[in-house]
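Chemist: Just dropping this structure here.
The values are calculated or read from the model by the stated rules, or taken from the named source; none is laboratory data. The shown structure was predicted, so the numbers you read here are calculated from the model rather than taken from an experiment. For neighbour counting, all protein chains shown are included, and Cβ atoms are generated from backbone atoms with ideal geometry for every residue, glycine included. Ligands, DNA and RNA are stripped out before the accessible areas are found, and what is left, the full protein with its side chains, is counted by its heavy atoms. Shrake-Rupley method; radii C 1.70, N 1.55, O 1.52, S 1.80 Å.
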Amino acid sequence: MILLKKSPFKALMMIVGYLSACNMRQAGIVNMAELLEKQLASELSKMTLQEAFTLARAFSHYLTMMGIAETHHRVRKGGNMAQISKSCDDVFNQLVQGGVSPDDLYNTVCKQEVEIVLTAHPTQINRRTLQYKHIRIAHLLDYNDRPDLSPEDREMLIEDLVREITSIWQTDELRRQKPTPVDEARAGLNIVEQSLWKAVPHYLRRVSNALKKHTGKPLPLTCTPIKFGTWMGGDRDGNPNVTAKVTKDVSLLSRWMAIDLYIREVDSLRFELSMNRCSDTLSRLAHEILEEVKDENPRESWNQSMNRSQSLPTQLPARAHLPSFAANGESQHPRLDIPGPDHKDGGTSSSTTVGNGNPTSPSFNSSQPFSQRKLLTETQTGKSSFQKLLEPQLPQLPGIAPYRVVLGNVKDKLERSRRRLELLLEDVACDYHPLDYYETADQLLEPLLLCYESLQSCGSGVLADGRLADLIRRVATFGMVLMKLDLRQESGRHAETLDAITMYLDMGTYSEWDEEKKLDFLTRELKGKRPLVPVNMEVASDVKEVLDTFKIAAELGSDSLGAYVISMASSASDVLAVELFQKDARLAAIGELGRACPGGTLRVVPLFETVKDLRGAGAVIRKLLSIDWYREHIIKNHNGHQEVMVGYSDSGKDAGRFTAAWELYKAQEDVVAACNDYGIKVTLFHGRGGSIGRGGGPTYLAIQSQPPGSVMGTLRSTEQGEMVEAKFGLPQIAVRQLEIYTTAVLLATLRPPLPPRDENWRNLMEEISEISCQCYRNVVYENPEFLTYFAEATPEAELGFLNIGSRPARRKNTRGIGHLRAIPWVFAWTQTRFVLPAWLGVGAGLKGACEKGHSEELKAMYKEWPFFQSTIDLIEMVLGKADTTIAKYYDEALVSEERQELGRELRNELLTAEKFVLVISGHEKLQQNNRSLRRLVENRLPFLNPMNLLQVEILKRLRRDDDNLKLRDALLITVNGIAAGMRNTG
């Protein structure tokens, strides 16, 4: 209502009108509904630009607020349930009751390895400023549910809500410039700081409690079933803005942020662990620390060194007053800034660090100007005096607080570690001794585990299992980098680089060789001991960038980086080429550094994306593993583990969603079989998008429908764009998502989904897939009118004004669907509510099978085969969101007369898909088995429909006046609003 008060009277009339129209359609009074909608559309066409702009903003913000309220309601509803479906408690109970032994359950959970990889794919349209305001509103709604609020408290809370919404209304919702890769990386780090940092300990407590309840043993303290990775700052596929320097900066920034967060947690612990009683081991360590401090500063007395080691912060750390299990804490604005050489931790003393990292107080310098010396005197004299008054007086010997001494030493090392990173970021030499800072998570865990064991041995287990246990679990999960950074590059760039090298060495052109010659050359070089790339070789800038990336990878190593992903991989030589570049770069780096590179080589992960490459994936893996050098390398350096990535976006754009789903299923079966043949373990990495057209959908459903044997306790999966915020933006939601990942992988491991019942089912899938793919490609790639129709009927061309990502919309600067990124392809169709990529071809395939008499067989497949059921359910979900009436309106208003017939044919295809999906599922209407989603969509229609009609009107005007910036802004606001209403972009 607050937003509606700020919007014009016409907005209220539109809502009432469209609400009436929606009710008429649901009641079957279609003719009256269409007449009313035409009248409302006529009113929209008469609006001034300013009225349209204001109306678009009001509806856009309102749809966003609806989403926040719905999420809050879902969390509140879940919190009131005794046992939540798909939670650890629920699934562990199912498995034990179903015959899984407690020991098997315990061991499987402890060995589980799931990695969620956050990507910077440009589908998050909201500015970070607005995202934070939305989080603030979510916290206020959560606070409003407290039963102990007095009437005055509730009034003040409502006033806070009004202030937040007013602030949002008066904030520009559009990005005025494209984000840089570093901006995208910072957004990912903010998700960790604001949500995952709080959610992970809460999630691990749930896993541990459920394990203890059903197996009698809690989760080991350093066991982490889920970890996090990122592509932000490492994904250079088609993005020239991601350079070697960007990758290095982002990696260092991630380390810096991790250490900054640990410093805050250690501060809280030092307040809490004030007791004197401890184990002999911890007592010895505390005294050793005090002796070291005294030796380094011989003029200090024992008491002075003890006071310095035990000194407490002068300000209570953030959240120190909250219970350790508090998931949300207080809403805090992010404090993440890129560090520089002058960075100082707010609120700490003004001492500086030099040489070996020992702090020294600023001193006078006679060469300084008088004004500077005067300022130093004025600032330091009073400051040091007040510092003494603020610091608590510590007791004299023999009483010391050993935990505070040890944790004080931990904090000192963390601060030196942070300072070292700041120097590295600026390429300044740092001569800290390795023992004076933390390089690995194990180094940081050592004193924390010692404190934990001491508390347990002294009867203070309740303290040990509080903040300290949470910190240990954070270190085990996030390590020293928060999220390991994957690198990604297209295979063609590697071939171009090898071309430059082989031509320089007078060996011919690498890319012109056949596969066997390439493999012979690469294997021979990998077995050799000399570098391949001449030191003084001059190369083009693109080639230099590839080589520089491997140089940075060698310098950072596997301690900071995760996998090296090869997009558009199609052969074994694509993988060996990257292994050779890694070897070469590490040899060169050892020569420059004068020491071994940190960590090991990165895992090399081929990404199979197109239908053709998916069909050849198993053969490529077999060829790789048949090479002695590669197989021995995998066993020796990667613990006998091969990782393979399958891409959902490009395969869907290539052949349609149904065919892509089937080809992905078969490719996973082939890859798993190939690895099993050679005794190699395999992890499948799923490159899923947010929308169903790009492989998205409910996490639980997706994992449970994988081929049997493909999820054996390990899984990697991407979370992209707006789905990162939707799934992990709030701690309560994040905890739920982490549990769903854990239980889905556990079930897929211990109770694998059923395979197709017989070979006939596979043959039927092949038949449906072939018809579906042919129909899809006939429209998208073979119809000469389609490309123009796509440009006219959707805002695809105008989406480029959104500034939502750092990378270009196309891989190459050419027209055509082939080089268009999958994200704008899906995004554009989602805006028009036609959602064409997710269903085109499905109707034709299912119709063909049903007309040949396979209806009953398809119904049996739906009931008994999880993969087929999941595929049909996801298509049904998309069809429930599609709206032929709205899509028709776009066509009639924007598409040329000669292409109107194509639009009518496509709308008939959608109706065919609806008809046969309902036949196979046995449902009377769409989303019959998902009433909550159907109700959610219906509730949004009175606000979503006018946004679409408004977008059409603005598009018409903009295409007549394409330089009108105000019209462009109005269009982009409708894009934001429709995306919020659909809960999807690309």
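Chemist: Tell me, yes or no, whether the stretch 897-920 has at least one residue that is aromatic (Phe, Trp, Tyr), out of contact with any His (no Cβ under 9 Å at 6 or more places or on another chain) and closer than 21 Å to Tyr665 by Cβ.
Modeler: Our first condition is that a residue be aromatic (Phe, Trp, Tyr); within the stretch 897-920, this holds for 916.
Retained after the next criterion (residues that are out of contact with any His (no Cβ under 9 Å at 6 or more places or on another chain)): 916.
Remaining after also requiring closer than 21 Å to Tyr665 by Cβ: 916.
The answer is yes; a qualifying residue exists.
Chemist: Oh, and also: Checking the structure you have, find out if any residue of the stretch 114-123 is more than 23 Å from the chain's Cα centre (by Cα), of a type in the set (Gly, Ala, Ser), closer than 30 Å to Thr683 by Cα and open to solvent by less than 50 Å² (accessible area, probe 1.4 Å). Steps first, please.
Modeler: Narrowing the stretch 114-123 to residues more than 23 Å from the chain's Cα centre (by Cα): none.
Looking for residues that are more than 23 Å from the chain's Cα centre (by Cα), of a type in the set (Gly, Ala, Ser), closer than 30 Å to Thr683 by Cα and open to solvent by less than 50 Å² (accessible area, probe 1.4 Å), one finds none in the stretch 114-123, hence no.
Chemist: Residues that are farther than 22 Å from Val578 by Cβ and within 23 Å of the chain's Cα centre (by Cα): find the helices (runs of 4 or more DSSP H) completely inside the stretch 600-679 holding 1 or more of those. Walk me through it before giving the result.
Modeler: Details: elements: 611-615, 617-626, 628-637, 649-655, 657-677.
In the stretch 600-679, the matching helices (runs of 4 or more DSSP H) lie at 649-655, 657-677.
Chemist: Could you list, in sequence order, all residues of the stretch 232-251 that are in a loop (DSSP other than H, G, I, E, B) and in contact with a helix residue (DSSP H, G or I) (Cβ under 9 Å, 6 or more places away or on another chain)? I'd like the intermediate steps shown before the answer.
Modeler: First pass over the stretch 232-251, keeping only residues in a loop (DSSP other than H, G, I, E, B): 232-234, 236-243.
Passing the criteria: Met232, Gly233, Gly234, Arg236, Asp237, Asn239, Pro240, Asn241, Val242, Thr243.
So that you can scan it fast, the table gives a plain yes or no per residue for (1) surrounded by 22 or more Cβ atoms within 10 Å (Cβ to Cβ); (2) part of a strand (DSSP E or B); (3) under 18 Å from the mean Cα position of the chain (by Cα):
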{"residue": "Asn190", "(1), (2), (3)": "no, no, yes"}
{"residue": "Thr222", "(1), (2), (3)": "no, no, no"}
{"residue": "Leu253", "(1), (2), (3)": "yes, no, yes"}
{"residue": "Met257", "(1), (2), (3)": "yes, no, yes"}
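Chemist: Let me ask another. Among Met861, Met947, Met877, which is surrounded by 19 or more Cβ atoms within 10 Å (Cβ to Cβ), touching a residue at least 60 places away in the same chain (Cβ under 8 Å) and farther than 30 Å from Ser710 by Cβ? Step through it out loud before you land on a result.
Modeler: Values: Met861 fails: farther than 30 Å from Ser710 by Cβ; Met877 fails: farther than 30 Å from Ser710 by Cβ.
Answer to the check: Met947.
Chemist: Also: Here are the criteria: (1) in contact with a helix residue (DSSP H, G or I) (Cβ under 7 Å, 6 or more places away or on another chain); (2) in a helix (DSSP H, G or I); (3) not aromatic (Phe, Trp, Tyr). Tell me which single one Pro753 does not satisfy.
Modeler: For Pro753, the failing item is (2).
Chemist: Residue check, Thr166 against (1) in contact with a Ser or Thr (Cβ under 9 Å, 6 or more places away or on another chain); (2) open to solvent by less than 50 Å² (accessible area, probe 1.4 Å), all met but one. Which one?
Modeler: Of everything listed in (1) in contact with a Ser or Thr (Cβ under 9 Å, 6 or more places away or on another chain); (2) open to solvent by less than 50 Å² (accessible area, probe 1.4 Å), Thr166 misses just condition (1).
Chemist: Within the stretch 621-652, track down each residue that is closer than 28 Å to Pro837 by Cβ and open to solvent by 10 Å² or more (accessible area, probe 1.4 Å).
Modeler: In the first step, residues of the stretch 621-652 are kept if they are closer than 28 Å to Pro837 by Cβ; the result is 643-652.
Those that are closer than 28 Å to Pro837 by Cβ and open to solvent by 10 Å² or more (accessible area, probe 1.4 Å): Glu643, Tyr648, Ser649, Asp650.
Chemist: Then there's this: Taking only pairs six or more apart or across chains, which ones have beta-carbon atoms under 9 Å, a first residue in the stretch 237-250 that is more than 20 Å from Arg420 (Cα to Cα) and open to solvent by 50 Å² or more (accessible area, probe 1.4 Å), and a second residue that is in a helix (DSSP H, G or I) and at pLDDT below 90?
Modeler: Every condition considered, the pairs that remain are Asn241/Pro181.
Chemist: From the list Tyr438, Tyr452, which one is aromatic (Phe, Trp, Tyr) and over 30 Å from Arg236 (Cβ atoms)?
Modeler: Working: Tyr438 fails: over 30 Å from Arg236 (Cβ atoms).
Testing whether each residue is aromatic (Phe, Trp, Tyr) and over 30 Å from Arg236 (Cβ atoms) leaves just Tyr452.
Chemist: What pairs come up if the first residue lies in the stretch 529-556 and is within 15 Å of Thr502 (Cα to Cα) and touching a residue at least 40 places away in the same chain (Cβ under 8 Å), the second is assigned to a helix (DSSP H, G or I) and among the acidic types (Asp, Glu), and their beta carbons are under 7 Å apart, counting only those six or more places apart or on different chains?
Modeler: Filtered contacts from the stretch 529-556: Pro531/Asp584; Leu532/Glu525; Leu532/Asp584; Val533/Asp584; Val543/Glu496.
Chemist: Taking Val207 as the residue in question, decide whether it is surrounded by 23 or more Cβ atoms within 10 Å (Cβ to Cβ), under 20 Å from the mean Cα position of the chain (by Cα) and assigned to a helix (DSSP H, G or I). Show your work before the answer.
Modeler: On the way: surrounded by 23 or more Cβ atoms within 10 Å (Cβ to Cβ): yes; under 20 Å from the mean Cα position of the chain (by Cα): no; assigned to a helix (DSSP H, G or I): yes.
Answer is no for this residue.
Chemist: A further question follows. What is the number of the single condition among (1) of a type outside the set (Lys, Arg); (2) closer than 18 Å to Lys653 by Cα; (3) open to solvent by less than 10 Å² (accessible area, probe 1.4 Å); (4) in contact with a helix residue (DSSP H, G or I) (Cβ under 6 Å, 6 or more places away or on another chain) that His686 does not meet?
Modeler: Only one criterion is unmet by His686, namely (4).
Chemist: If you don't mind, there's one more thing I want to ask. Any residue that is surrounded by fewer than 21 Cβ atoms within 10 Å (Cβ to Cβ), in a helix (DSSP H, G or I) and small (Gly, Ala, Ser) - is there at least one of those in the stretch 836-844? Reasoning before the result, please.
Modeler: Going residue by residue through the stretch 836-844, those that are surrounded by fewer than 21 Cβ atoms within 10 Å (Cβ to Cβ) are none.
For the stretch 836-844, residues surrounded by fewer than 21 Cβ atoms within 10 Å (Cβ to Cβ), in a helix (DSSP H, G or I) and small (Gly, Ala, Ser): absent.
Chemist: I would also like to ask the following. For the stretch 458-495, enumerate the residues that are open to solvent by less than 10 Å² (accessible area, probe 1.4 Å), acidic (Asp, Glu) and more than 18 Å from the chain's Cα centre (by Cα).
Modeler: Asp470, the sole residue that qualifies.
Chemist: If you check every pair at least six apart or on different chains, which have Cβ atoms under 7 Å apart with a residue in the stretch 196-214 that is under 19 Å from Val724 (Cα atoms) first and a residue that is buried (at least 21 other Cβ atoms within 10 Å of the Cβ) and of a type in the set (Ser, Thr, Tyr) second?
Modeler: Matching pairs, first to second residue: Val200/Thr477.
Chemist: Select from the stretch 886-925 the residues that are over 26 Å from Leu35 (Cα atoms), among the small types (Gly, Ala, Ser) and in a loop (DSSP other than H, G, I, E, B) and list them in ascending order.
Modeler: Gly922
Chemist: Would you please list the contacts, defined by Cβ atoms under 9 Å and residues six or more apart or on different chains, that run from a residue in the stretch 469-494 that is on the phi > 0 side of the Ramachandran plot to a residue that is of a type in the set (Lys, Arg) and surrounded by fewer than 22 Cβ atoms within 10 Å (Cβ to Cβ)?
Modeler: Gly479/Lys227
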